[in-house]
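Asker: Have a look at this one.
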Amino acid sequence: MKKLKFMFYAIAMILMINVCVYAADELQFEVNYQGTVVEDEAKPVTISLIGRAAPLYSKVKINVEIAGPSTPKLMAVDSSGNQLDIAQLGYWGPPTGFPVQGDFTNETPVTATFDKAGSYTITLNLVNLENASAILATKTITVDVQAKNTQVTNTITN
């Protein structure tokens, strides 16, 4: 009987590990921008949520966490045409969540403006609101923001 219980628990643990690893491959984020990020200059960024054979999740939301010298502005436009600061809200998507399933790529154009130079860490977490906000996908990026006036001056003397 003990061997049977052990076998049951071992199989259950293996299945749970496989499901977690598989879910990580089904949903993912991509963050794309070009060039150097400079303080007080608007930078266009594309944030993509990508699904590959993802099962149905009826209510998900993207939580946004930022650590750095200040809180940048991350401006995006929702489906109703409202301009929202994702950094101030701390999330993207309706508060009650939105559905995802199957193969898809949802691109969100964002305009990022950092008011202070320095290093920022931005974490995106896709959470399942129907399962205690379990994280379905995560992406952490580091953005190094350059000071605006870092020009080199050359002096030539005769």
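The values are calculated or read from the model by the stated rules, or taken from the named source; none is laboratory data. What you see is a predicted model, and the numbers here were worked out from it, not measured in a lab. Using ideal geometry, Cβ is built from the backbone for each residue, glycine included, and neighbour counts are taken over all protein chains shown. SASA here: full protein model, heavy atoms, side chains in, ligands and nucleic acids out. Shrake-Rupley method; radii C 1.70, N 1.55, O 1.52, S 1.80 Å.
Asker: Return yes or no: is residue 71 polar (S, T, N, Q) and touching a residue at least 24 places away in the same chain (Cβ under 8 Å)?
Answerer: Judged against the criteria, residue 71 is not a match.
Asker: Given the residues 87, 137, which is the only one that is in a strand (DSSP E or B) and among the small types (Gly, Ala, Ser)?
Answerer: 137
Asker: Same structure, new question: Do we have residue 64 as touching a residue at least 60 places away in the same chain (Cβ under 8 Å), surrounded by 12 or more Cβ atoms within 10 Å (Cβ to Cβ) and either touching a helix residue (DSSP H, G or I) at 6+ places or on another chain (Cβ under 6 Å) or over 26 Å from residue 26 (Cα atoms) (or both) here?
Answerer: yes
Asker: Of (1) of a type outside the set (Asp, Glu); (2) over 29 Å from residue 37 (Cα atoms); (3) in a helix (DSSP H, G or I), residue 100 satisfies all except one. Which?
Answerer: (3)
Asker: Quick one: would you say residue 118 is surrounded by 14 or more Cβ atoms within 10 Å (Cβ to Cβ) and closer than 20 Å to residue 27 by Cβ?
Answerer: no
Asker: Then there is this: I'm told residue 70 meets every condition in (1) surrounded by 13 or more Cβ atoms within 10 Å (Cβ to Cβ); (2) small (Gly, Ala, Ser); (3) assigned to a strand (DSSP E or B) except one. Can you identify the failing condition by its number?
Answerer: (3)
Asker: Considering 126, 136, 56, which residue is out of contact with any helix residue (DSSP H, G or I) (no Cβ under 9 Å at 6 or more places or on another chain), open to solvent by less than 50 Å² (accessible area, probe 1.4 Å) and within 19 Å of residue 26 (Cα to Cα)?
Answerer: The unique qualifying residue is 126.
Asker: Moving on to the next point. Suppose we filter 105, 96 for residues that are under 19 Å from residue 44 (Cβ atoms), open to solvent by 50 Å² or more (accessible area, probe 1.4 Å) and among the β-branched types (Val, Ile, Thr); which single one remains?
Answerer: When all the criteria are applied, what remains is 105.
Asker: Name the residues in the stretch 73-82 that are assigned to a loop (DSSP other than H, G, I, E, B) and either open to solvent by less than 60 Å² (accessible area, probe 1.4 Å) or in contact with a strand residue (DSSP E or B) (Cβ under 6 Å, 6 or more places away or on another chain) (or both), would you?
Answerer: Residues satisfying the conditions are 78, 81.
Asker: Mind checking which residues of the stretch 100-132 are over 25 Å from residue 70 (Cβ atoms), touching a residue at least 40 places away in the same chain (Cβ under 8 Å) and not hydrophobic (A, V, I, L, M, F, W, C)?
Answerer: Result: 101, 102, 103, 105, 106, 107, 128, 130.
Asker: For residues in the stretch 6-32 being farther than 19 Å from residue 97 by Cβ and modelled with pLDDT of 95 or more, which is surrounded by the most Cβ atoms within 10 Å (Cβ to Cβ)?
Answerer: 31
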